[in-house]
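A.B. asks: Pasting a structure here, questions to come.
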Amino acid sequence: MLSARAQDETQQPIAGEPRWPMTSAVAAVIVLQALLQTQFHVRRHWLMWVLLAIEGLLLLALMIGDPGAIDRRSRLLRGLSIGLVCALVVSALWATTALISDLISGGPETNSAGDLLWAGAAVWVSNNIAFALLYWELDRGGAAARAHRSSRRIDLAFPQDMNPAVASTVWRPQFVDYFYLGFTNATAFSPTDVMPLAPWAKLTMTAQSLVSLLILSLVIARAVNVLT
């Protein structure tokens, strides 16, 4: 016999989450990375432009392959989505490395407190969005798997998972939940209301906290030094 919760889940129609939040987040990272290469002059490299072009093409392929709500389960689409998120994380970490290198060796954006703070903010935000997309993509098999309720594995435990009484029986986390997780983890440097259960989640959240701490500490210290 299925429990009442399980029966309720199986009787509900498949309802994928809308794609536009994820699409907007990817577009934001691409724009921020382009600004870092042009306006803020953070260690320009032609490979970054190739990476941004690949990200745009992968996003377009996903929008064509599964438009509207994300509810189509396909190995090809899953591979494209993971590839896109990995490319976003690589480009964000690349920009972080370039900014830190400029802070150490002296880049054009490090001589102005305003330019440095803008560049640091762009790098910090792009990292947070990229990590949020990584959590969103890997948790419970991805958005399509969550829509079909095909996985019982929970990698990241939200309050609604730990206390089902505060949510409907068919609640599933969507991109906004992972977006919130990405930014709170980067500012608190530790889990807030979302608990990592899987080893990959714990390691990824640790890495994001370290990257965020490094960016904030170095950028603020250099900006204060320039102002004084």
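The values are calculated or read from the model by the stated rules, or taken from the named source; none is laboratory data. Computed from a predicted model, the values in this text were never measured in an experiment. When we count neighbours, we look across all protein chains shown, and the Cβ atoms used for this are built from the backbone with ideal geometry, even at glycine.
A.B. asks: Please list, ordered by first then second residue, the pairs with beta carbon atoms under 7 Å, 6 or more apart or interchain, first in the range 105-118 and modelled with pLDDT of 75 or more, second surrounded by fewer than 16 Cβ atoms within 10 Å (Cβ to Cβ) and part of a helix (DSSP H, G or I).
C.D. replies: Every condition considered, the pairs that remain are ALA113/VAL226; ALA113/LEU227; LEU116/VAL226.
A.B. asks: A further question follows. Scan the range 70-94 for residues that are under 19 Å from the mean Cα position of the chain (by Cα) and more than 21 Å from VAL125 (Cα to Cα) and jot them down.
C.D. replies: Those that are under 19 Å from the mean Cα position of the chain (by Cα) and more than 21 Å from VAL125 (Cα to Cα): ILE70, LEU77, ARG78, GLY79, LEU80.
A.B. asks: Across the range 187-205, which residue is farthest from VAL123 (Cα to Cα) among those that are out of contact with any strand residue (DSSP E or B) (no Cβ under 9 Å at 6 or more places or on another chain) and in a helix (DSSP H, G or I)?
C.D. replies: My answer is PRO199.
A.B. asks: Ok, one more. Kindly provide the set of residues from the range 95-117 that are within 14 Å of LEU216 (Cβ to Cβ) and either within 24 Å of the chain's Cα centre (by Cα) or hydroxyl-bearing (Ser, Thr, Tyr) (or both), ordered by number.
C.D. replies: Within the range 95-117, THR96, LEU99, ILE100, LEU116, LEU117 qualify.
A.B. asks: Only residues that are over 15 Å from ALA201 (Cβ atoms), out of contact with any helix residue (DSSP H, G or I) (no Cβ under 9 Å at 6 or more places or on another chain) and of a type in the set (Gly, Ala, Ser): list them for the range 123-166, please.
C.D. replies: ALA147, ALA165, listed by residue number.
A.B. asks: So how many residues does the range 52-70 have that are surrounded by fewer than 17 Cβ atoms within 10 Å (Cβ to Cβ) and either closer than 28 Å to LEU117 by Cβ or touching a His at 6+ places or on another chain (Cβ under 7 Å) (or both)?
C.D. replies: 1
A.B. asks: Could you identify the single residue in SER212, SER217, SER126, SER168 that is of a type in the set (S, T, N, Q) and not in a helix (DSSP H, G or I)?
C.D. replies: Residue meeting the stated conditions: SER168.
A.B. asks: Which condition from (1) basic (Lys, Arg); (2) surrounded by 17 or more Cβ atoms within 10 Å (Cβ to Cβ); (3) closer than 21 Å to ALA145 by Cβ; (4) at pLDDT below 90 is the one that ARG78 breaks?
C.D. replies: Looking at each condition in turn, ARG78 falls short on (4).
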